[in-house]
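Read through the structure below, which is laid out as C-alpha coordinates, and then see the notes.
The values are calculated or read from the model by the stated rules, or taken from the named source; none is laboratory data. In this text the structure is predicted, and so the values were computed from the model without any measurement. Cβ sites come from the backbone with ideal geometry, for glycine too, and all protein chains shown count toward neighbours.
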Amino acid sequence: MRKKNNIIFLLLIFGISLIGAKHLLGADIIYAVRIISDSTPPAAITTLSVSTGANKGEINLSWLAPGDDGTSGTIENGEFRIQSSTWSGVFWSTTKAEVSISASSVSPGSVKSYVFSNLIPGVTYYFKIWTRDENPDNWSPESNIASAKAQINPAYTGYTLEVNTAEGIRITIEVPDTAFAISTQIEVRLVDSSHPKFYLVREADRKTGNFPVTHPYEFIIRDLQGNILGEDDFHDKIRITFTYPQWLNLAQQNPLRIFRLNETVRKWEEQKGHTVDVFANTIGIDAVNFSIYKVMIKINSGLDDLIVYPNPFKVKEAKDGCVKFINLPKNVTLRIYNIAGEMVYKKVYDNTGGGITWDGKNDSKRTVATGVYIYLLKDDNGNKKTGKISVIQ
Ligand SMILES: [Ca+2]
(Lines give C-alpha, C1' and ligand atoms only; values in the text may rest on other atoms or scores of the structure.)
Protein backbone atom coordinates (compact mmCIF):
# COMPACT_ATOMS: atom_id res chain seq x y z
CA MET A 1 0.00 0.00 0.00
CA ARG A 2 1.09 3.51 -0.70
CA LYS A 3 1.86 5.43 2.48
CA LYS A 4 1.24 9.17 2.60
CA ASN A 5 2.94 11.62 4.88
CA ASN A 6 1.14 14.91 4.96
CA ILE A 7 3.60 17.60 5.73
CA ILE A 8 2.42 21.08 6.41
CA PHE A 9 4.74 23.85 5.42
CA LEU A 10 4.12 27.23 6.86
CA LEU A 11 5.29 29.60 4.26
CA LEU A 12 6.20 32.93 5.61
CA ILE A 13 6.69 35.65 3.15
CA PHE A 14 8.67 38.52 4.25
CA GLY A 15 9.31 41.74 2.51
CA ILE A 16 12.33 43.82 3.10
CA SER A 17 11.69 47.52 3.23
CA LEU A 18 14.05 50.10 1.97
CA ILE A 19 15.10 50.85 5.48
CA GLY A 20 15.96 47.28 6.18
CA ALA A 21 13.17 46.54 8.60
CA LYS A 22 11.42 43.25 8.19
CA HIS A 23 7.69 43.41 7.65
CA LEU A 24 5.54 40.39 7.72
CA LEU A 25 3.53 40.61 4.52
CA GLY A 26 1.44 37.45 4.79
CA ALA A 27 1.36 33.80 5.60
CA ASP A 28 0.04 30.82 3.67
CA ILE A 29 -0.22 27.12 4.23
CA ILE A 30 0.50 24.65 1.49
CA TYR A 31 0.35 20.89 1.60
CA ALA A 32 3.03 18.67 0.24
CA VAL A 33 2.61 14.96 -0.20
CA ARG A 34 5.66 12.75 0.03
CA ILE A 35 5.26 9.25 -1.41
CA ILE A 36 6.98 6.50 0.49
CA SER A 37 7.37 3.69 -1.98
CA ASP A 38 5.48 0.45 -1.21
CA SER A 39 8.07 -2.26 -0.96
CA THR A 40 5.80 -5.13 0.14
CA PRO A 41 4.64 -7.23 -2.82
CA PRO A 42 1.56 -9.42 -2.88
CA ALA A 43 2.02 -12.99 -1.66
CA ALA A 44 2.55 -15.84 -4.12
CA ILE A 45 -0.67 -17.41 -5.36
CA THR A 46 -0.84 -21.00 -4.12
CA THR A 47 -4.33 -21.79 -5.40
CA LEU A 48 -3.89 -21.67 -9.18
CA SER A 49 -6.09 -24.41 -10.62
CA VAL A 50 -6.66 -25.15 -14.29
CA SER A 51 -9.03 -27.40 -16.20
CA THR A 52 -9.90 -28.27 -19.77
CA GLY A 53 -12.12 -25.54 -21.20
CA ALA A 54 -15.51 -25.75 -22.89
CA ASN A 55 -14.43 -24.88 -26.42
CA LYS A 56 -11.76 -26.23 -28.74
CA GLY A 57 -8.26 -25.17 -27.68
CA GLU A 58 -9.39 -23.70 -24.35
CA ILE A 59 -8.14 -24.12 -20.77
CA ASN A 60 -9.86 -22.47 -17.79
CA LEU A 61 -7.76 -20.93 -15.01
CA SER A 62 -8.91 -19.82 -11.59
CA TRP A 63 -7.17 -18.63 -8.45
CA LEU A 64 -7.68 -16.79 -5.20
CA ALA A 65 -6.25 -13.28 -5.20
CA PRO A 66 -3.54 -12.37 -2.67
CA GLY A 67 -3.43 -8.92 -1.03
CA ASP A 68 -1.54 -5.74 -1.78
CA ASP A 69 0.93 -6.54 1.00
CA GLY A 70 1.26 -10.29 1.30
CA THR A 71 -2.26 -11.54 1.87
CA SER A 72 -3.79 -8.31 3.14
CA GLY A 73 -5.00 -5.10 1.58
CA THR A 74 -7.08 -4.45 -1.54
CA ILE A 75 -5.02 -4.32 -4.71
CA GLU A 76 -5.45 -1.13 -6.73
CA ASN A 77 -3.77 -0.40 -10.05
CA GLY A 78 -2.07 -3.78 -9.92
CA GLU A 79 -1.66 -6.56 -12.42
CA PHE A 80 -1.76 -10.34 -12.82
CA ARG A 81 0.55 -11.97 -15.32
CA ILE A 82 0.20 -15.54 -16.58
CA GLN A 83 2.76 -17.62 -18.44
CA SER A 84 1.91 -20.84 -20.27
CA SER A 85 4.14 -23.53 -21.69
CA THR A 86 3.87 -27.05 -23.04
CA TRP A 87 6.95 -27.86 -20.98
CA SER A 88 6.99 -27.68 -17.18
CA GLY A 89 10.76 -27.06 -17.17
CA VAL A 90 10.53 -23.80 -19.13
CA PHE A 91 12.14 -20.59 -17.78
CA TRP A 92 9.34 -19.05 -15.71
CA SER A 93 9.39 -15.26 -15.51
CA THR A 94 6.99 -12.31 -15.54
CA THR A 95 8.91 -11.11 -18.59
CA LYS A 96 7.90 -14.28 -20.45
CA ALA A 97 4.23 -14.09 -19.46
CA GLU A 98 1.82 -13.84 -22.39
CA VAL A 99 -1.21 -12.58 -20.51
CA SER A 100 -1.57 -9.42 -18.46
CA ILE A 101 -4.76 -8.70 -16.54
CA SER A 102 -5.20 -5.41 -14.71
CA ALA A 103 -6.08 -5.75 -11.04
CA SER A 104 -8.04 -3.02 -9.34
CA SER A 105 -10.45 -3.23 -6.38
CA VAL A 106 -9.27 -6.81 -5.96
CA SER A 107 -9.81 -7.94 -2.40
CA PRO A 108 -7.65 -10.64 -0.86
CA GLY A 109 -9.16 -14.11 -1.23
CA SER A 110 -11.52 -13.14 -4.06
CA VAL A 111 -11.92 -15.68 -6.87
CA LYS A 112 -10.39 -14.65 -10.19
CA SER A 113 -10.52 -16.51 -13.48
CA TYR A 114 -9.25 -16.41 -17.04
CA VAL A 115 -9.80 -18.53 -20.15
CA PHE A 116 -6.77 -19.34 -22.31
CA SER A 117 -7.79 -19.93 -25.93
CA ASN A 118 -6.25 -20.89 -29.26
CA LEU A 119 -4.11 -23.58 -27.63
CA ILE A 120 -3.28 -26.78 -29.46
CA PRO A 121 -6.19 -29.15 -28.82
CA GLY A 122 -5.28 -32.23 -26.80
CA VAL A 123 -1.90 -30.85 -25.68
CA THR A 124 -1.05 -30.44 -21.98
CA TYR A 125 -0.12 -26.90 -20.93
CA TYR A 126 1.53 -25.73 -17.71
CA PHE A 127 0.77 -22.38 -16.08
CA LYS A 128 2.17 -20.03 -13.46
CA ILE A 129 0.84 -16.66 -12.34
CA TRP A 130 2.25 -13.58 -10.61
CA THR A 131 0.62 -10.56 -8.97
CA ARG A 132 1.93 -7.05 -8.45
CA ASP A 133 0.53 -4.08 -6.61
CA GLU A 134 0.64 -0.46 -7.81
CA ASN A 135 4.43 -0.49 -7.73
CA PRO A 136 5.56 -1.85 -11.12
CA ASP A 137 8.51 -3.60 -9.47
CA ASN A 138 6.52 -5.28 -6.71
CA TRP A 139 6.02 -8.69 -8.24
CA SER A 140 4.94 -11.54 -6.02
CA PRO A 141 6.91 -14.77 -6.05
CA GLU A 142 5.68 -17.24 -8.69
CA SER A 143 2.57 -19.31 -8.03
CA ASN A 144 2.14 -23.05 -7.83
CA ILE A 145 2.34 -24.77 -11.22
CA ALA A 146 -0.89 -26.18 -12.64
CA SER A 147 -1.54 -28.14 -15.81
CA ALA A 148 -4.43 -29.27 -17.99
CA LYS A 149 -5.10 -30.46 -21.49
CA ALA A 150 -6.55 -28.01 -24.02
CA GLN A 151 -10.03 -28.98 -25.14
CA ILE A 152 -9.99 -31.20 -28.21
CA ASN A 153 -13.61 -30.65 -29.07
CA PRO A 154 -16.45 -29.06 -27.22
CA ALA A 155 -18.60 -31.45 -25.26
CA TYR A 156 -21.31 -32.92 -27.37
CA THR A 157 -24.84 -32.48 -26.25
CA GLY A 158 -25.75 -35.66 -28.09
CA TYR A 159 -24.53 -39.09 -27.12
CA THR A 160 -21.35 -41.09 -27.29
CA LEU A 161 -20.98 -44.63 -28.47
CA GLU A 162 -17.87 -46.58 -27.56
CA VAL A 163 -16.86 -49.86 -29.15
CA ASN A 164 -13.97 -52.11 -28.17
CA THR A 165 -12.96 -54.19 -31.14
CA ALA A 166 -11.42 -57.66 -31.20
CA GLU A 167 -8.05 -56.04 -32.09
CA GLY A 168 -8.06 -54.09 -28.85
CA ILE A 169 -8.82 -50.85 -30.68
CA ARG A 170 -11.35 -48.60 -29.03
CA ILE A 171 -13.51 -46.54 -31.34
CA THR A 172 -15.57 -43.69 -30.03
CA ILE A 173 -18.30 -42.02 -32.03
CA GLU A 174 -19.73 -38.80 -30.70
CA VAL A 175 -23.03 -37.93 -32.27
CA PRO A 176 -24.42 -34.45 -31.60
CA ASP A 177 -28.19 -34.05 -31.37
CA THR A 178 -28.01 -31.87 -34.44
CA ALA A 179 -26.39 -34.51 -36.67
CA PHE A 180 -29.62 -35.81 -38.07
CA ALA A 181 -32.81 -34.17 -39.16
CA ILE A 182 -34.82 -36.80 -37.33
CA SER A 183 -35.00 -36.82 -33.57
CA THR A 184 -35.34 -40.59 -33.13
CA GLN A 185 -32.65 -42.64 -31.41
CA ILE A 186 -30.02 -44.05 -33.71
CA GLU A 187 -28.14 -47.33 -33.70
CA VAL A 188 -24.56 -47.29 -34.92
CA ARG A 189 -23.08 -50.52 -36.21
CA LEU A 190 -19.45 -51.26 -36.97
CA VAL A 191 -18.58 -53.79 -39.62
CA ASP A 192 -15.11 -55.25 -39.17
CA SER A 193 -12.44 -56.15 -41.68
CA SER A 194 -13.95 -59.53 -42.55
CA HIS A 195 -16.06 -57.47 -44.92
CA PRO A 196 -15.26 -58.83 -48.42
CA LYS A 197 -14.66 -55.36 -49.88
CA PHE A 198 -11.42 -55.00 -47.98
CA TYR A 199 -9.43 -57.45 -50.08
CA LEU A 200 -9.47 -54.95 -52.88
CA VAL A 201 -8.37 -52.25 -50.49
CA ARG A 202 -5.16 -53.98 -49.53
CA GLU A 203 -3.90 -53.67 -53.09
CA ALA A 204 -4.46 -49.95 -52.83
CA ASP A 205 -2.44 -49.79 -49.60
CA ARG A 206 0.74 -50.90 -51.28
CA LYS A 207 0.37 -48.37 -54.06
CA THR A 208 -0.14 -45.44 -51.74
CA GLY A 209 2.61 -46.47 -49.34
CA ASN A 210 0.48 -46.25 -46.23
CA PHE A 211 1.11 -48.57 -43.35
CA PRO A 212 -2.13 -49.76 -41.75
CA VAL A 213 -2.34 -49.37 -37.99
CA THR A 214 -5.90 -50.56 -37.62
CA HIS A 215 -8.06 -52.74 -39.79
CA PRO A 216 -10.72 -50.86 -41.64
CA TYR A 217 -14.09 -50.44 -40.00
CA GLU A 218 -17.26 -49.59 -41.73
CA PHE A 219 -19.70 -47.41 -39.89
CA ILE A 220 -23.35 -47.96 -40.55
CA ILE A 221 -26.06 -45.98 -38.87
CA ARG A 222 -29.74 -46.92 -38.65
CA ASP A 223 -32.75 -45.37 -37.09
CA LEU A 224 -34.97 -47.48 -34.87
CA GLN A 225 -37.12 -48.42 -37.85
CA GLY A 226 -34.07 -50.11 -39.36
CA ASN A 227 -33.51 -47.60 -42.16
CA ILE A 228 -29.85 -47.01 -43.02
CA LEU A 229 -28.96 -43.34 -42.57
CA GLY A 230 -25.90 -41.34 -43.39
CA GLU A 231 -26.00 -41.91 -47.12
CA ASP A 232 -26.27 -38.17 -47.39
CA ASP A 233 -24.07 -35.78 -45.48
CA PHE A 234 -24.81 -35.25 -41.83
CA HIS A 235 -26.47 -32.05 -40.76
CA ASP A 236 -23.70 -31.68 -38.19
CA LYS A 237 -20.26 -33.25 -37.88
CA ILE A 238 -19.82 -36.53 -36.05
CA ARG A 239 -16.60 -37.12 -34.17
CA ILE A 240 -14.85 -40.45 -34.76
CA THR A 241 -11.92 -41.30 -32.49
CA PHE A 242 -9.65 -44.33 -32.76
CA THR A 243 -7.15 -45.49 -30.21
CA TYR A 244 -3.85 -46.55 -31.72
CA PRO A 245 -1.33 -49.05 -30.33
CA GLN A 246 0.77 -47.75 -27.45
CA TRP A 247 3.96 -49.12 -28.96
CA LEU A 248 4.04 -46.39 -31.61
CA ASN A 249 6.80 -43.91 -30.82
CA LEU A 250 6.32 -40.15 -31.14
CA ALA A 251 7.86 -39.97 -34.58
CA GLN A 252 5.41 -42.61 -35.77
CA GLN A 253 2.47 -40.84 -34.16
CA ASN A 254 3.12 -37.62 -36.06
CA PRO A 255 2.32 -39.09 -39.49
CA LEU A 256 -0.82 -40.93 -38.29
CA ARG A 257 -3.80 -40.14 -40.47
CA ILE A 258 -7.36 -41.31 -40.83
CA PHE A 259 -8.29 -42.51 -44.30
CA ARG A 260 -11.73 -43.00 -45.76
CA LEU A 261 -12.38 -45.45 -48.54
CA ASN A 262 -13.72 -43.90 -51.70
CA GLU A 263 -15.56 -46.96 -52.94
CA THR A 264 -16.15 -45.56 -56.41
CA VAL A 265 -12.45 -45.32 -57.26
CA ARG A 266 -11.33 -47.91 -54.66
CA LYS A 267 -8.84 -45.58 -53.12
CA TRP A 268 -8.08 -44.52 -49.57
CA GLU A 269 -8.43 -40.78 -49.18
CA GLU A 270 -6.79 -38.92 -46.36
CA GLN A 271 -9.24 -37.07 -44.11
CA LYS A 272 -8.09 -33.56 -43.28
CA GLY A 273 -8.34 -31.87 -39.90
CA HIS A 274 -7.39 -34.83 -37.73
CA THR A 275 -6.16 -34.37 -34.16
CA VAL A 276 -3.79 -36.67 -32.31
CA ASP A 277 -3.77 -36.97 -28.52
CA VAL A 278 -0.41 -38.51 -27.70
CA PHE A 279 -1.36 -38.97 -24.06
CA ALA A 280 -4.59 -40.87 -24.66
CA ASN A 281 -3.17 -42.55 -27.81
CA THR A 282 -6.10 -41.41 -29.87
CA ILE A 283 -6.59 -39.92 -33.29
CA GLY A 284 -9.88 -38.34 -34.29
CA ILE A 285 -11.64 -36.53 -37.09
CA ASP A 286 -14.88 -34.70 -37.57
CA ALA A 287 -16.67 -36.93 -40.07
CA VAL A 288 -19.18 -35.49 -42.48
CA ASN A 289 -20.57 -38.89 -43.40
CA PHE A 290 -20.20 -42.51 -42.41
CA SER A 291 -18.13 -44.78 -44.56
CA ILE A 292 -15.20 -47.16 -44.20
CA TYR A 293 -12.41 -45.65 -42.12
CA LYS A 294 -8.93 -46.81 -41.24
CA VAL A 295 -5.96 -45.37 -39.36
CA MET A 296 -2.65 -45.49 -41.23
CA ILE A 297 0.82 -44.07 -40.94
CA LYS A 298 1.41 -41.87 -43.94
CA ILE A 299 4.82 -42.61 -45.39
CA ASN A 300 5.92 -39.63 -47.39
CA SER A 301 7.48 -40.25 -50.78
CA GLY A 302 9.39 -36.96 -50.75
CA LEU A 303 10.21 -33.98 -48.61
CA ASP A 304 7.28 -31.80 -49.68
CA ASP A 305 5.41 -32.14 -46.39
CA LEU A 306 8.44 -31.41 -44.21
CA ILE A 307 7.68 -29.46 -41.04
CA VAL A 308 10.51 -28.02 -38.92
CA TYR A 309 9.62 -26.84 -35.43
CA PRO A 310 10.13 -24.95 -33.22
CA ASN A 311 11.75 -22.27 -35.37
CA PRO A 312 13.28 -20.11 -33.96
CA PHE A 313 14.82 -22.98 -32.03
CA LYS A 314 15.29 -21.75 -28.44
CA VAL A 315 17.35 -24.67 -27.18
CA LYS A 316 16.55 -24.13 -23.51
CA GLU A 317 12.83 -23.82 -24.08
CA ALA A 318 12.28 -26.48 -26.76
CA LYS A 319 10.78 -29.77 -25.64
CA ASP A 320 13.63 -32.29 -25.10
CA GLY A 321 15.98 -29.47 -26.17
CA CYS A 322 15.57 -30.46 -29.82
CA VAL A 323 14.31 -29.05 -33.10
CA LYS A 324 12.16 -31.60 -34.95
CA PHE A 325 11.92 -32.46 -38.64
CA ILE A 326 8.74 -34.42 -39.31
CA ASN A 327 6.77 -35.90 -42.22
CA LEU A 328 9.94 -37.41 -43.66
CA PRO A 329 10.38 -40.32 -46.05
CA LYS A 330 12.05 -43.50 -44.78
CA ASN A 331 15.76 -42.68 -45.17
CA VAL A 332 17.29 -39.22 -45.10
CA THR A 333 20.58 -37.45 -44.51
CA LEU A 334 20.55 -34.30 -42.42
CA ARG A 335 23.28 -31.68 -42.82
CA ILE A 336 23.48 -28.43 -40.87
CA TYR A 337 25.60 -25.52 -42.13
CA ASN A 338 26.50 -22.28 -40.45
CA ILE A 339 25.97 -18.99 -42.27
CA ALA A 340 29.56 -19.13 -43.56
CA GLY A 341 28.65 -22.33 -45.38
CA GLU A 342 30.69 -24.63 -43.13
CA MET A 343 29.03 -27.94 -42.28
CA VAL A 344 28.69 -28.27 -38.51
CA TYR A 345 26.60 -31.43 -38.31
CA LYS A 346 25.80 -34.46 -40.45
CA LYS A 347 23.80 -37.58 -39.74
CA VAL A 348 22.53 -40.39 -41.95
CA TYR A 349 19.21 -41.95 -40.92
CA ASP A 350 18.44 -45.44 -42.21
CA ASN A 351 15.00 -45.32 -40.70
CA THR A 352 13.56 -41.95 -39.79
CA GLY A 353 10.34 -43.42 -38.43
CA GLY A 354 8.62 -40.33 -39.79
CA GLY A 355 10.71 -37.77 -37.94
CA ILE A 356 14.18 -36.87 -36.65
CA THR A 357 15.59 -34.33 -34.19
CA TRP A 358 18.68 -32.12 -33.79
CA ASP A 359 19.85 -30.96 -30.36
CA GLY A 360 21.74 -27.85 -31.49
CA LYS A 361 25.16 -29.52 -31.13
CA ASN A 362 27.85 -29.95 -33.75
CA ASP A 363 29.59 -33.17 -34.78
CA SER A 364 31.92 -32.84 -31.76
CA LYS A 365 28.85 -32.70 -29.50
CA ARG A 366 29.55 -29.06 -28.68
CA THR A 367 26.74 -26.52 -28.48
CA VAL A 368 26.64 -24.37 -31.61
CA ALA A 369 26.61 -20.59 -31.23
CA THR A 370 23.41 -18.58 -31.41
CA GLY A 371 22.72 -17.62 -35.00
CA VAL A 372 21.13 -18.62 -38.27
CA TYR A 373 21.85 -22.11 -39.64
CA ILE A 374 20.92 -23.80 -42.87
CA TYR A 375 19.58 -27.35 -42.88
CA LEU A 376 19.82 -29.61 -45.90
CA LEU A 377 17.75 -32.78 -45.98
CA LYS A 378 18.26 -35.30 -48.74
CA ASP A 379 16.37 -38.55 -49.28
CA ASP A 380 17.23 -41.79 -51.12
CA ASN A 381 15.62 -40.58 -54.33
CA GLY A 382 17.77 -37.47 -54.47
CA ASN A 383 15.03 -35.11 -53.27
CA LYS A 384 16.46 -32.16 -51.33
CA LYS A 385 15.00 -29.60 -49.03
CA THR A 386 16.81 -26.71 -47.38
CA GLY A 387 15.77 -23.98 -45.02
CA LYS A 388 16.93 -21.70 -42.25
CA ILE A 389 16.79 -22.35 -38.53
CA SER A 390 17.43 -19.59 -36.01
CA VAL A 391 19.22 -21.18 -33.08
CA ILE A 392 19.04 -19.34 -29.76
CA GLN A 393 21.20 -20.90 -27.05
CA1 LIG B 1 2.25 -3.76 -1.42
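Residues checked against (1) at pLDDT below 95; (2) under 40 Å from the mean Cα position of the chain (by Cα); (3) more than 16 Å from the ligand (Cβ to nearest atom):
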residue	(1), (2), (3)
Leu11	yes, no, yes
Ser17	yes, no, yes
Ile29	yes, no, yes
Asp38	yes, yes, no
Asn60	no, yes, yes
Ser84	no, yes, yes
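The set of residues in region 107-134 being within 16 Å of the ligand (Cβ to nearest atom) and either free of Cβ contacts under 8 Å to residues at least 12 places away in the same chain or of a type in the set (D, E, K, R) (or both) consists of Arg132, Asp133, Glu134.
Where residues in region 295-346 are charged (D, E, K, R) and either modelled with pLDDT under 85 or touching a helix residue (DSSP H, G or I) at 6+ places or on another chain (Cβ under 8 Å) (or both), which of them is nearest to Pro176 (Cα to Cα)? Step by step, filter region 295-346, then rank; the result is Lys298.
Would you mind finding the one in Val99, Val106 that is of a type in the set (A, V, I, L, M) and surrounded by fewer than 17 Cβ atoms within 10 Å (Cβ to Cβ)?
On the way: Val106 fails: surrounded by fewer than 17 Cβ atoms within 10 Å (Cβ to Cβ).
Matching residue, one of Val99, Val106: Val99.
Which residues, taken from region 374-393, are within 16 Å of Asn338 (Cβ to Cβ) and touching a Ser or Thr at 6+ places or on another chain (Cβ under 8 Å)? Can you show your working first?
Step one: list which residues in region 374-393 are within 16 Å of Asn338 (Cβ to Cβ), which gives 374-376, 386-393.
Ile374, Tyr375, Leu376, Val391, Ile392, Gln393 - these are the residues of region 374-393 that are within 16 Å of Asn338 (Cβ to Cβ) and touching a Ser or Thr at 6+ places or on another chain (Cβ under 8 Å).
Residue-by-condition table, conditions (1) free of Cβ contacts under 8 Å to residues at least 12 places away in the same chain; (2) surrounded by 12 or more Cβ atoms within 10 Å (Cβ to Cβ); (3) assigned by TED's automatic domain parsing to the domain that holds Gly89:
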residue: Asp320; (1), (2), (3): no, no, no
residue: Ile356; (1), (2), (3): no, yes, no
residue: Asn362; (1), (2), (3): no, yes, no
residue: Lys365; (1), (2), (3): yes, no, no
residue: Gly387; (1), (2), (3): no, yes, no
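Of all residue pairs spaced 6 or more apart or on separate chains, those with beta-carbon atoms under 8 Å, a first member in region 47-67 that is basic (Lys, Arg) and a second member that is surrounded by fewer than 20 Cβ atoms within 10 Å (Cβ to Cβ) are Lys56/Pro121; Lys56/Asn153; Lys56/Pro154. Screening the candidates Gly355, Gly387, Gly360, Gly302 for the property of being under 30 Å from Glu174 (Cβ atoms) and in contact with a strand residue (DSSP E or B) (Cβ under 9 Å, 6 or more places away or on another chain) yields one hit, Gly355.
Residue pairs whose Cβ atoms lie under 6 Å apart, separated by 6 or more positions or on different chains, with the first residue in region 90-106 and closer than 28 Å to Ala318 by Cβ and the second part of a loop (DSSP other than H, G, I, E, B) and not aliphatic (A, V, I, L, M), are Val90/Glu317; Trp92/Glu142. Quick check: anything in region 297-309 under 19 Å from the mean Cα position of the chain (by Cα), assigned to a strand (DSSP E or B) and buried (at least 20 other Cβ atoms within 10 Å of the Cβ)? No, because not a single residue in region 297-309 is under 19 Å from the mean Cα position of the chain (by Cα), assigned to a strand (DSSP E or B) and buried (at least 20 other Cβ atoms within 10 Å of the Cβ).
Can you give me the ranges of the strands (runs of 3 or more DSSP E) entirely in region 236-293 with at least 2 residues that are outside the structural domain of Tyr349 (by TED's automatic domain parsing), among the charged types (D, E, K, R) and surrounded by fewer than 15 Cβ atoms within 10 Å (Cβ to Cβ)? Don't jump to the end; show me each part of the working.
Details: elements: 238-243, 256-262, 267-270, 275-277, 282-287.
Correct list: 267-270.
Of all residues in region 301-326, those that are among the polar types (S, T, N, Q) and more than 18 Å from Asp350 (Cβ to Cβ) total 1.
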